[in-house]
Amino acid sequence: MKISGAEIFLEALRREGVKVVFGYPGGVVLKVFDVLYDEKEIKVVLSRHEQGATHMADGYARATGRPGVVLVTSGPGATNTVTGIATAYMDSIPLVVFTGQVPTKMIGNDAFQEADIVGITRPCTKHSYLVKDVADLAGAIKEAFYIASTGRPGPVLVDIPKDVFLDKAEFRYPEEAKLRSYNPKYAGNKWQIKQAAQAIAKAKKPVIYAGGGVLLSGAAEELRDLAEITQIPVTLTLMGLGGFPGTHPLFLGMLGMHGTYQANMAVYRSDLVIAIGARFDDRVTGKVEEFCPEAKIIHVDIDPTSIKKNVHVDVPIVGDVKHVLRDLNTMLRELKEPWEAIRKAWLRQVAEWQAEHPPAYEWSDEVIKPQYVIEKIYDLTGGDAIITTEVGQCQMWTAQFFKFNRPRTFLNSGGLGTMGYGFPAAIGAQMAFPDRLVIDIAGDASLEMNIQELATAVIQRLPVKVAILNNRFLGMVRQWQELFFGGRYSSSDMTGQPDFVRLAEAYGAVGLRAEKPSEVEPVLKEAFRISRPVLIDCVVDRYENVFPMVPAGKGNHEMIFGQEKKSSERGLRAVG
Amino acid sequence: MRHIISIIVENKFGVLSRVAGLFSGRGYNIETVAVGPTLDPEVSQMTIVTNGDDQVLEQITKQLNKLIDVIKVVDLTEKEFVERETALIKVAPPPEGRAEVLRTAEIFRARIVDSSPKTSTLQVTGDEKKIAAIIELLKPYGIKDLVRTGKVAIARE
């Protein structure tokens, strides 16, 4: 029996096990939204902006590991998803984005609400389809889900003209997607893995530098095994946080521009860097020649283009992190080295660095320090929450002061650095886990970029919490202006922000405010008790900076520690 | 260093823009590009001449392989290969130069594929040096127009 393209679309989504679609309707996708109207199994979450829908799908994907699904109309509907797609692309997040398109015969005519979305998104998608014939629709959807979620994951866009949704065809869904030109390689080369094992056994000052690939491949357990077998300290990138327990004795904290002193020094002085599912991003390496000048490098990554892109690699291993680490751990166990004795001196050195400059901030009795809010969220939740962040200072402080012990509990835009990501991502994560505590740790300016999704959270009855570290500045911009532009705060002062408590109430959410340090704990407790969306307006120190910091263009060993200089004047609050 | 890369791609919508976009997006240079069908109608072949050091070439090759529609990438420069290019050259020599143009065509085994009272169009095929040489020799006689196919290349057995 022949069914319409819209019905084929729905049936294909069912076959893929899709539970929720984030979207926004419009002219050319009316038919498919009509079909979804009667659907019981697949929930449609109507956002207030297509960018919001795309970040929601991204948050859903990061929290669950399953592809997030977006459905929007042509033209502006499609172009509004671009920032969301680029965000997912930079962080290798599986998304399948369905965009409506003008009818096939009109394509290229500058028709109403026409945009060449395949062309526009080509550089920020893993792959894309323009389905010109309803007979090809099922196959394209199958391939889209397959490509998005295998190998190095990423967003795939499927552009479907209006007439393709209306035309009819037999529904034939392929059992599996087979592409002669796409065969991701999961197992690593055994000989290379053996080289890695031997290098690890020989190394005196090794360090593991792991990134988002650990989470994407579900290899947190294998990473922990590797570290514990060999007693090698672990530093994580921003994207890797949660991939190794934040409270583990071998954990050094995050590395890079706002990383910990001990992580950056350990890499700088190390003789072997074991890079796992990380890509030597410039925010991680600082001045790349001075990143690990004395070290050999082992690099495990499923994407060959990540290897030798920014640094020379001595032992490249192309493969899935989980597969490779399993093989590597087996070989290392067989070596039966006296690992603890070998590692003693190195771990002592690392502990000395840690004692020298522990993560710290200057305490105040009068004004709320943003770091204190994050510490309190950690204390009150015991770390058992899904945390999203916006971008900038709020993101860096969260990375520094919240200890992530479990994978997929820290969702943030690392690669693209998209302000406005955290709140819709929290909504997406809450859709996946309705019973978990989901908190967006936000800056006031970032939050406003997708504040309209408050309506979505209220209507969907999602108890998402937003802790606003409200400094009425573009905090990170202001920090750079203070440090590098003589304190000329050009266009970074956000004075005149709305009253977030009343704003929350206007949307039908709950608004709470903390203005003094003593109010933080009771207000957070109250917020976590309420089973509705809550905006928590924490009025924080306007001029707080993120330290330590590696100035742009400097080596990671040349960190600056602003606040500690002032610590003799006022109490320095060390964080364990 | 200059490299000739042969790429086998799925003959699908937008594949040329994916390959071209990869080069422009990552700041790689395309000197010439030639695209054509193969014996298999579902597959096309592209020959791209580019340049860069070893590290750049390694990235280009890896990035091309990463494109979903790319089936195979071969850097021919690493092998023995034959390269050819065809040029069509329209010259408008003064009456006293015509014989010289014809003689030059003969030396380079170029064919006259079109002529008019004032112009002659030559077709010449060869490697880069040969094309460069004939262009140089014809310049004094007034080249009115010049089109080149871009290089195609094939590995030697």
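Quick look at the numbers
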| read-out | value |
| --- | --- |
| Computed over chain B: relative contact order in percent, which uses C-alpha pairs under 8 Å that are six or more apart | 28 percent |
| For segment A:301-424, diffusion coefficient by Stokes-Einstein and Kirkwood Rh (Cα), 20 °C, 1.002 mPa s, µm²/s | 115 µm²/s |
| Those GluC sites (Glu not before Pro) in segment B:72-105 that DSSP places in a loop and that have at most 16 other beta carbons within 10 Å | B:80 |
| Where only C-alpha atoms are counted, convex hull volume of segment A:151-257 per residue in Å³ | 193 Å³ |
| Segment A:83-117 and segment A:339-409: distance between their alpha carbon centers, rounded to Å | 39 Å |
| Apportionment of accessible area to carbon and sulfur, chain A, percent (1.4 Å) | 50 percent |
| Isotropic mean projected area of the C-alpha convex hull, segment A:1-46 (nm²) | 3.3 nm² |
| Cα pair count fraction exceeding 27 Å, expressed as % - chain B | 37 percent |
| Segment A:1-106: GluC sites (Glu not before Pro) falling in loop per DSSP and having at most 13 other Cβ within 10 Å | A:39, A:41 |
| Kirkwood Rh (inverse of mean 1/r, distinct Cα pairs), segment A:239-374, angstrom | 17.0 Å |
| Projected-area average for segment A:1-103 over all orientations - Cα convex hull basis, square nanometres | 6.6 nm² |
| 1.4 Å probe, heavy atoms, protein only - residues of segment B:66-101 losing at least 50 Å² accessible area vs chain alone | B:66, B:68 |
| Translational diffusion of segment A:96-143, µm² s⁻¹ [Kirkwood Rh, Cα pairs; Stokes-Einstein; 25 °C; 0.890 mPa s] | 207 µm²/s |
| Whole-number Å³ per residue for the convex hull built on Cα positions in segment A:500-567 | 149 Å³ |
| Delta accessible area of at least 20 Å² on complex formation, residues of segment B:27-60, 1.4 Å probe, chain isolated as reference | B:55, B:58, B:59 |
| Cα centroid separation, segment A:255-285 to segment A:301-337 (Å) | 17 Å |
| Accessible area buried between chains A and B, both sides summed, probe 1.4 Å, in Å² to nearest 100 | 1700 Å² |
| Note, ³J(HN,Hα) from phi for segment A:45-53, Karplus 6.51, -1.76, 1.60, rounded to Hz, x at Gly and Pro | 9, 7, 7, 10, 7, 5, 4, x, 4 |
| Complex-versus-alone comparison for segment A:302-317, residues with a loss of 40 Å² or more in accessible area, probe 1.4 Å | A:305, A:308, A:309 |
| Distance cut-off 18 Å, percentage of C-alpha pairs in segment A:441-544 lying past it | 49 percent |
| Computed accessible area, residue B:53, all protein chains, 1.4 angstrom probe, square angstrom | 90 Å² |
| Solvent-accessible area per residue for chain A (1.4 angstrom probe, square angstrom) | 39 Å² |
| Rg and Dmax [Cα atoms of segment B:86-157; Å; Rg one decimal, Dmax integer] | 12.6, 47 |
| Loop-located trypsin sites (Lys or Arg not before Pro) in segment A:1-62, at most 13 other Cβ atoms within 10 Å (DSSP) | A:40 |
| Directionally averaged projected area (convex hull, Cα atoms, segment A:384-431), nm² | 3.3 nm² |
| Contact order normalised by residue count of segment A:190-252, Cα under 8 Å, 6+ apart, percent | 34 percent |
| Separation of alpha-carbon centers, segment A:124-184 and segment A:471-492, rounded to whole Å | 45 Å |
| Across A:168/B:66; A:142/A:322; A:287/B:62; A:132/B:66; A:204/A:309, pairs whose alpha-carbon gap is larger than 28 Å | A:168/B:66 |
| Within the protein assembly as shown, percent of DSSP bridges classed antiparallel, to nearest 5 | 45 percent |
| Sequence of A:352, A:290 when ordered by accessible area, the most exposed leading, probe 1.4 angstrom | A:352, A:290 |
| DSSP-defined beta bridges in segment A:438-562 - what % are antiparallel, rounded to 5 | 10 percent |
| Rule-of-thumb Rg ratio for chain A [Cα; 2.2 N^0.38 Å; N residues] | 0.99 |
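The values are calculated or read from the model by the stated rules, or taken from the named source; none is laboratory data. Keep in mind that what you see is a predicted model, and the values were worked out from it rather than measured. All Cβ positions, even for glycine, are placed from backbone atoms using ideal geometry, and neighbour counts span all protein chains on display. What goes into the accessible areas is simple: the full protein's heavy atoms, side chains included, and nothing from ligands, DNA or RNA. Shrake-Rupley method; radii C 1.70, N 1.55, O 1.52, S 1.80 Å.
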